[in-house]
Structure formats: structure tokens, C-alpha cells
């Protein structure tokens, strides 16, 4: 029997699949947490099927199913050696062997676990929504029910930047091996009829890099968590204070270039940089801080709660987003929600989020960053103007309710197409 066409008011039964969804860092974790809550608030029945870490869902109406995995990327026990009993599971064995060969198997093996978990359960859902695992296991579910996926940005960009960031032939090979899962993601994406991405920039890049028609990608911008990012007008700004949330050592985040810009800016005036997060011990960022003698002018906060996060934003005169590339750019929106003026690169989708409410510079250009920092610190009127424009832009254009409504519309189109309606 062919199902009736779904109306705009029909509540959907949605399975959100997310292989790694840290709610404290990384756009994918933020995405799954807030999208699931917003969809539930619209009256949909939502289940998140996730691997560790716990996405910490706080909406009691959203069901959470945590699948058992080896969790080899747990920072508290990184790359532990599994017990013999664990390796009797063939999926665990495949994952362990691939990691031993310097690969990154989690997207593929989590898809296998989802397929196993869903056996006999597919009738419980109207649609499965995959959060960028793009795995064979999730694709196989499309034989029984509609499947869509969100691609935040093409991982080919990360791979290219990682390879180009090192001169070591061995490290280049290591990066290529780690990103070998991209081949699977390309093949899976080409077989999913309709998918979601978070910006027009990502839509164009995914279509080019994955060789799929752009018409199969629907742009649904992310929301910004306005409950946790907001202005604190009673907190006094500290002169010369900058803030950045990109603490990662990965070249994609551009922190290296910001450190060089900070060194240059210190020749003109006193500047202090707060970095939300912590660098890798003895990693490239930590070593560059020592090389440039920036220890007195920079503070890594480590992980902070939201209360301190917004206080750090409130104390800063400028937020800097130095990323080489972003599929969306949550740090821009979060800073704007705190009414802090933003300097951002034009990497990827960042200009789409920033609009005319930020000072934009080319990615990878430390001199341009340095110049923008000095100019904006010297111009109070421009800082206030950007802060107000940014706040108005994010609170009207980028809400999770809007994101959920647009996502649900894509679901209905996918479901109706699947059933030939």
C-alpha cells in the first residue's frame, strides 16, 4: 500500500544518525544536538542514534540510543588496545585493524553498527537522516525507507590543507591514509538522491569535489544557540583583548596565521589573545607560541562552560575567526550573538554568515589579519557598528527553529519522492 502524501502539518518519525557528536566542540556535534531539539519542538518524533561521546541531549522528548563502539578516540584513553573479547566482534576487528594501519574507520564502522541496530526496526521511522558519516551501512537502509544526509563541507578540503601544510613526504602519506574514508563518502553521496548542506558555498564545493549535481543538495543554514550565546552588557571590555575559539592544531582552523598576526600587531600596540580551548601538547601551535615569544600575550582557557564562555566574549573587544575554510562558521554567529565585532576570513561559507556585519580578510594572510586587528582596535565607532549589525543579523536570520522548519520541508520532499508521490 502506497502511503498518503505527507502534509506540512504531519508529524514525522525521524531517525538522526550521528557517528561522533561531541556537544562541546565541532560543528557536527552542535548541529545534531540543536537540530534534534528544534525538530522535536515542532512536533516531530525524533530519535538520535549516536556513538560516543554522549551528545548530552536536554530535551526530554528526544530519544537517545547510544550504540556500543570501541571509542578509540576518547581523549581519556586515546587509541587504547582493545580486549580480546571485544575483537571477537568483526566490526570491532575491522575498526582496530584500520586504525593500526593509520586509517580513520569510524564513519564506515559506525554505519555497520547502525545497519545491525536497525534490523527489524525500519518501520519505526519515516526517514533516516545521516549526519555526514556517508557510510555504506546507512546507505543500505535506503532499500527499506527514505534516507537523506547532511554534508557540512567536503572533507577533501581538509585533506588538501593537511597535505599541503607539511613538507614531510611521510606526513603527507600519513594524511592521505587517514583521509582514505573520503572515497567511501563520495560513492555514497552519489547514490543519495537528495541531501542537505549548510551553505551555498558548501553546496558548490561538494558538487564539484564529489562530482554530483548541485541540484541534489538543498541549502539549510544552521542556527545559532541564542540561549547560550548572548550579550553581557554589564561586563567591561578589556582594551586590546581579542578572542578566538579555534584552538585546534589543524591547518584548516588558521590559528597559525593569527599567531603571526598577533606578533605583528604587538609592534604597534598592546594586544592580548584569549583562545577558548587548549592546544595539543608539544604540537605545532604550542611550539609556535614559544617560537614567537607570545606566552605573555596569549591565554588558552581549556574547556569552559557556557557561563564563562559568554563572559570571555563580553570582555573581548574583537572576535577573530581565522579559518582557512568553513562549511558554515558557527564561531562567527556565536560572536555576533554576544554582540562582539568580528574579523573573519573569507574561507568557504564564512562571508555568508558574516554578511556586511564583519570585517573580512583573505584566508591564510597574516598581514591582512594584523592590519584588520590594528584598524578595528583603533576605531571604536566601527567596532560598535559591526557589533550591532552582527547581533541583529544573527538573531533574525540564524535561529534553530528556522533551520528545523527548512529541514523538515526537505524531509517531506525526500519522503514523497521515495514513494513516487
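The values are calculated or read from the model by the stated rules, or taken from the named source; none is laboratory data. Predicted, not measured: the structure shown is a model, and the values here were computed from it. Glycine also receives a Cβ, built like all others from the backbone with ideal geometry; neighbour counts cover every protein chain displayed.
Values computed for the structure shown
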| read-out | value |
| --- | --- |
| Any hit, segment 108-126, residues being over 21 Å from residue 46 (Cβ atoms) and in contact (Cβ under 8 Å) with a residue 60 or more places away in the chain | yes |
| Matching residues in segment 287-302 - criterion: being over 13 Å from residue 243 (Cβ atoms) and in a strand (DSSP E or B) | 302 |
| Selection within segment 18-46 - modelled with pLDDT of 90 or more, out of contact with any helix residue (DSSP H, G or I) (no Cβ under 8 Å at 6 or more places or on another chain) and crowded, with 18+ Cβ neighbours inside 10 Å | 31, 32, 33, 36, 40 |
| Breaking point among (1) at pLDDT 95 or above; (2) surrounded by fewer than 16 Cβ atoms within 10 Å (Cβ to Cβ), for residue 111 | (2) |
| Count - residues of segment 266-277 that are touching a helix residue (DSSP H, G or I) at 6+ places or on another chain (Cβ under 6 Å) and buried (at least 23 other Cβ atoms within 10 Å of the Cβ) | 2 |
| Residue ranges of strands (runs of 3 or more DSSP E) in segment 145-260 with at least 2 members under 20 Å from the mean Cα position of the chain (by Cα) and more than 30 Å from residue 289 (Cβ to Cβ) | 147-150, 195-197, 217-219 |
| Sole residue being more than 30 Å from residue 304 (Cβ to Cβ) and crowded, with 22+ Cβ neighbours inside 10 Å, chosen from 206, 192, 182, 224 | 206 |
| Residue match in segment 355-365 (condition: under 21 Å from the mean Cα position of the chain (by Cα), surrounded by 19 or more Cβ atoms within 10 Å (Cβ to Cβ) and within 19 Å of residue 276 (Cβ to Cβ)) | yes |
| Matching residues, segment 295-323, being surrounded by fewer than 21 Cβ atoms within 10 Å (Cβ to Cβ) and under 28 Å from residue 160 (Cβ atoms) | 300 |
| Which numbered condition residue 177 fails, given (1) touching a helix residue (DSSP H, G or I) at 6+ places or on another chain (Cβ under 9 Å); (2) surrounded by fewer than 17 Cβ atoms within 10 Å (Cβ to Cβ); (3) in contact (Cβ under 8 Å) with a residue 60 or more places away in the chain | (1) |
| Any pair with Cβ under 6 angstrom, 6 or more apart, that starts in segment 207-220 at a residue that is at pLDDT below 95 and ends at one that is surrounded by fewer than 14 Cβ atoms within 10 Å (Cβ to Cβ) and in a loop (DSSP other than H, G, I, E, B) | none |
